[in-house]
Amino acid sequence: MAVIYNDEKQIFHLQTKGTSYVMQVVRNKYLLHLYWGKRVQNYCGTRSIILKNRGFAPNPQENDRDFSLDTLPMEYPHGGNGDFRSCAFGIREQNGSRICDLSYVGYEIMKGKPKLEGLPCSFGSEEEVSTLKIHMKDKISGLSVFLLYGVFENADVITRSVVFENHGNSPLTLTKMLSMSVDFRESGFKVMTLYGAHNNERNVDLRPLKSGMVQIESLRGTSSPQQAPFMALLEANASEESGNIYSANFVYSGNFTALAQADAFENVRFQMGMNPWNGEWYLEPNEKFFTPETVMVFSSQGLNGMSQIYHNFYQHNLIRSKFAFQPRPILINNWEATFFDFNEDKLLALADKAAQTGIELFVLDDGWFGHRDNDDSSLGDWVTDKRKLPLGLSHLSDEIHNRGLKFGLWFEPEMISRNSELFRNHPEYALHTEGRPYTFGRGQLVLDLSNDEVCRYVIESVSKVLRETKIDYVKWDMNRHLTDVGSINFPMERQGEIFHRYVLGLYKILEELTTEFPDILFESCSSGGGRFDPGMLYYMPQTWCSDNTDAVCRMKIQYATSFTYPVVTMGAHVSEVPNQQTGRVTPLQTRGQVAMSANFGYEIDLTKLSSEELDEIKKQVAFYKDIRNTIQFGKFYRIKSPFDENVAQWNFVSGDGSQAVAFHFEILSQPAAPIKILKLKGLDADAVYRDISTGYEYGGDELMYSGISVPLEKKDFRSVCFRFVKVN
Ligand code: GLA
């Protein structure tokens, strides 16, 4: 049973393979949080609430000074009547009142999991998931709040989202609507977040939480490269391999906030949801509002245990593309090879070389449409530029297919250039606030996806190209953040909704396009990994991890991306040296081995390489095909972090356990260099494995516990790969 309800004590116990999550209704009104952590068989009441009269802690009852919302562990806290910590939601009534007072009404337990209207969310069969729906109500405003808990017993995941329904007679405004709030009666956590920038996505930040708040957010209209929509609380002794970790990842691609707040009594509140800044929603009587979903993962086996749960869950219960479990093609992308300067001959020369090396997919990036010779024009005009491709896109696609390659195409559908036919005809399609000047980003404007007509334009113009040309893959890019957010199509009281309406418009477009074109492999991109979030993964099974293709930087970016996302979702390409982002020169072998640790491809002018380099690439491609199944669908284990040391190490074990591939990367050559040991993970301790290149055989226990000595070499940026097959 994934949801157990004790009627007598009014206790809800959500139970997965490794986790328990417990709440209790007290005084027949308040929903309190009791426990989230390692699974307990039967929760009988050990963590009872101890009431205490504390200074400055207000009380709902005049003569009951021990009972205060400010000191109780609240399950979905509201502000205004005594809880001074960060509230999970807020309202504004017609009269301006911002107070709310939720009372427990009842619950429902369902098999399966309902969809969240207009939003991506995890899914599962009736055997995989059960849903608990708790009904709370504010009597005065008539607002009903439904807390939804998806309990994935075997996947070891609990999801949370909230539905607000206005059952009152007047409209009201939701001023904050977080998806998750958990009150721990523990403290001493370290807070882990992933921060970055364009070309430098997802660095690890680990901060002790002593007092006050650690908060991250995006106000940029997308989940952003600046902060990933992820937060984890690590108990003091937690590490990669052991210890308790409480984490959440937000299934949403817009503005978000995540925070951990320590109070004066050594309690910690952990919250995640939509960012309340410019994030209101006006709710008419009988209207509903669905918050996006948070995926909550508890691990008693450190960060590694946490990542295994996320990877498995996203592959099986979030990514709905039919490609989720299909081997992904090795691609060549022309961007860093040609930029905007290409014609059909140049592209086909690149495709010829790609075909010779065994590459499987040719992707035509930016510059094929409108009159786009640089990045300041034509976004929105999804019509082939006949100056560059006089025989048309279909001709190019046929020629590519004739060479045995699949054909992919780049779009940036959410944008509009001022210098475009679309803008000349429909200036009102650009996101803007009447009477105010535009703010540009990369010289372009953003389409107003809160407007249904604009969404229809995007769907029609993109589908037209996809229908007329044989296209196997689409790279969906998004290269600036939202400014001038407003819309003349909505009244004053709804202007705070435009950020969210933009995301809902985007999801609607993606829903339609991915449904109409299920055979197209979509890859999401936002100047690299700027919108790498579970919301996008729901529609698109892979994401371009970063515009930074430097092998050393990529070690970190891919390492940290793997905390939540499966390796198969990370696009990784070999590019030229000196690297265009850092100027660094790294060996082709290292560039290959870093990129083949993810969803592999090339972004390099193959026509300019020597025959030796092409031969090496041919070998890399053949090697990746051999290990692809293990890399893309096996288990991934981080061993040594490039954030901590001069090395990075990781290994993969195939789903059936028969294959293992391990990589060792050493960044700078050092004097008096220490000899490094590579200790594999996830092998069968009792099995014997053969090293494919030497033929030597070792026990799984030896490979894991004793480890392999990595040969020394006087060379910067070097890499070593070990490949094993299980012998018995
Ligand atoms: C973004 C993408 C790149 C490339 C360019 C094209 O920066 O991240 O991969 O597609 O746009 O303009």
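Residues that are within 16 Å of the ligand (Cβ to nearest atom), in a loop (DSSP other than H, G, I, E, B) and small (Gly, Ala, Ser) within segment 397-441 comprise 417, 420, listed in sequence order.
Quick grid of which residues meet (1) closer than 21 Å to residue 504 by Cβ; (2) part of a loop (DSSP other than H, G, I, E, B):
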| position | (1), (2) |
| --- | --- |
| 205 | no, no |
| 217 | yes, no |
| 240 | no, yes |
| 248 | no, no |
| 254 | yes, yes |
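Scanning segment 162-171 for residues that are part of a strand (DSSP E or B) and surrounded by fewer than 24 Cβ atoms within 10 Å (Cβ to Cβ) yields 163, 164, 165, 166.
Matching residues to (1) closer than 30 Å to residue 544 by Cα; (2) surrounded by fewer than 17 Cβ atoms within 10 Å (Cβ to Cβ); (3) within 23 Å of the chain's Cα centre (by Cα):
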residue	(1), (2), (3)
173	no, no, no
180	yes, no, yes
183	no, no, no
190	yes, no, yes
193	yes, no, yes
196	yes, no, yes
202	yes, no, yes
211	no, yes, no
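Checked against the criteria, residue 622 does not count as out of contact with any Ser or Thr (no Cβ under 6 Å at 6 or more places or on another chain) and surrounded by 20 or more Cβ atoms within 10 Å (Cβ to Cβ). Only one entry in 54, 85 is under 28 Å from residue 212 (Cα atoms), among the charged types (D, E, K, R), in the same structural domain as residue 279 (by TED's automatic domain parsing) and in contact with a strand residue (DSSP E or B) (Cβ under 9 Å, 6 or more places away or on another chain), namely 85. For segment 442-461, the set of residues classified as under 24 Å from residue 334 (Cα atoms) and either touching a His at 6+ places or on another chain (Cβ under 6 Å) or within 16 Å of the ligand (Cβ to nearest atom) (or both) consists of 442, 443, 444, listed by residue number. In segment 521-538, of all residues being within 16 Å of the ligand (Cβ to nearest atom), outside any strand (DSSP E or B) and touching a residue at least 60 places away in the same chain (Cβ under 8 Å), the one that is farthest from residue 196 (Cα to Cα) corresponds to 536.
Number of residues in segment 329-384 that are assigned to a loop (DSSP other than H, G, I, E, B), among the aliphatic types (A, V, I, L, M) and within 16 Å of the ligand (Cβ to nearest atom) equals 1.
Suppose we filter segment 407-444 for residues that are surrounded by fewer than 19 Cβ atoms within 10 Å (Cβ to Cβ) and either in contact (Cβ under 8 Å) with a residue 60 or more places away in the chain or among the polar types (S, T, N, Q) (or both); how many remain? Total satisfying the criteria: 7. The requirement of being at positive phi and out of contact with any Asp or Glu (no Cβ under 8 Å at 6 or more places or on another chain) is not satisfied by residue 55.
So, residue 604, is that one under 21 Å from residue 652 (Cβ atoms), within 16 Å of the ligand (Cβ to nearest atom) and of a type in the set (A, V, I, L, M, F, W, C) or not? The answer is no for residue 604.
When segment 117-150 is filtered for residues that are farther than 22 Å from residue 77 by Cβ and of a type in the set (A, V, I, L, M), the ones remaining, listed by number, are 119, 129. Being out of contact with any strand residue (DSSP E or B) (no Cβ under 7 Å at 6 or more places or on another chain) and among the aromatic types (Phe, Trp, Tyr) is the filter; apply it to segment 433-474 and report the residue that is farthest from residue 402 (Cα to Cα). The selected residue is 440. Condition first: of a type in the set (Asp, Glu), over 21 Å from residue 595 (Cα atoms) and surrounded by 14 or more Cβ atoms within 10 Å (Cβ to Cβ). Can you find one or more residues in segment 703-720 that meet it? Looking for residues that are of a type in the set (Asp, Glu), over 21 Å from residue 595 (Cα atoms) and surrounded by 14 or more Cβ atoms within 10 Å (Cβ to Cβ), one finds none in segment 703-720, hence no. When restricted to residues that are closer than 20 Å to residue 332 by Cβ and either crowded, with 18+ Cβ neighbours inside 10 Å or of a type in the set (Lys, Arg) (or both), segment 370-398 contains 5. Considering only residues that are over 15 Å from the mean Cα position of the chain (by Cα) and closer than 21 Å to residue 364 by Cβ, look in segment 528-553 and name the one that is surrounded by the most Cβ atoms within 10 Å (Cβ to Cβ). Out of the qualifying residues, it is 549.
Pairs are defined by a Cβ separation below 6 Å, a sequence spacing of at least 6 or placement on different chains, a first member in segment 116-141 that is closer than 17 Å to residue 166 by Cβ, and a second member that is among the aliphatic types (A, V, I, L, M); the pairs so defined are 135/105; 136/102; 136/145; 137/105; 138/102; 141/172.
Quick grid of which residues meet (1) part of a loop (DSSP other than H, G, I, E, B); (2) in contact (Cβ under 8 Å) with a residue 24 or more places away in the chain; (3) within 16 Å of the ligand (Cβ to nearest atom):
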residue: 613; (1), (2), (3): no, yes, no
residue: 617; (1), (2), (3): no, yes, no
residue: 629; (1), (2), (3): no, yes, no
residue: 632; (1), (2), (3): no, yes, no
residue: 644; (1), (2), (3): yes, no, no
residue: 657; (1), (2), (3): yes, yes, no
residue: 662; (1), (2), (3): no, yes, no
residue: 670; (1), (2), (3): yes, yes, no
residue: 686; (1), (2), (3): yes, no, no
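For residue 511, the stated conditions do not hold, so it cannot be described as acidic (Asp, Glu) and over 30 Å from residue 323 (Cα atoms).
For (1) touching a Ser or Thr at 6+ places or on another chain (Cβ under 9 Å); (2) within 16 Å of the ligand (Cβ to nearest atom), each residue gets a yes or a no:
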residue: 498; (1), (2): yes, no
residue: 506; (1), (2): yes, no
residue: 509; (1), (2): no, no
residue: 518; (1), (2): yes, no
residue: 540; (1), (2): yes, yes
residue: 546; (1), (2): yes, yes
residue: 553; (1), (2): yes, yes
residue: 556; (1), (2): yes, no
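Sub-8 Å Cβ pairs linking a first residue in segment 324-336 that is among the β-branched types (Val, Ile, Thr) to a second residue that is within 12 Å of the ligand (Cβ to nearest atom), at least 6 apart or interchain, are 330/601; 332/363; 332/601; 332/603, ordered by first then second residue.
Checking each residue in segment 465-517 for being more than 22 Å from residue 545 (Cβ to Cβ), among the hydrophobic types (A, V, I, L, M, F, W, C) and part of a helix (DSSP H, G or I) picks out 465, 466, 492, 498, 499, 504, 509, 513.
Given the structure, is residue 361 among the aliphatic types (A, V, I, L, M) and either surrounded by fewer than 20 Cβ atoms within 10 Å (Cβ to Cβ) or farther than 17 Å from residue 544 by Cβ (or both)?
Taking the combined requirement at face value, the residue does not satisfy it.
Every listed requirement among (1) surrounded by fewer than 19 Cβ atoms within 10 Å (Cβ to Cβ); (2) in a strand (DSSP E or B); (3) small (Gly, Ala, Ser) is met by residue 273 save one, (1).
The values are calculated or read from the model by the stated rules, or taken from the named source; none is laboratory data. All values reported here derive from a predicted model rather than from experimental measurement. All Cβ positions, glycine included, derive from the backbone under ideal geometry; neighbour counts span all protein chains shown.
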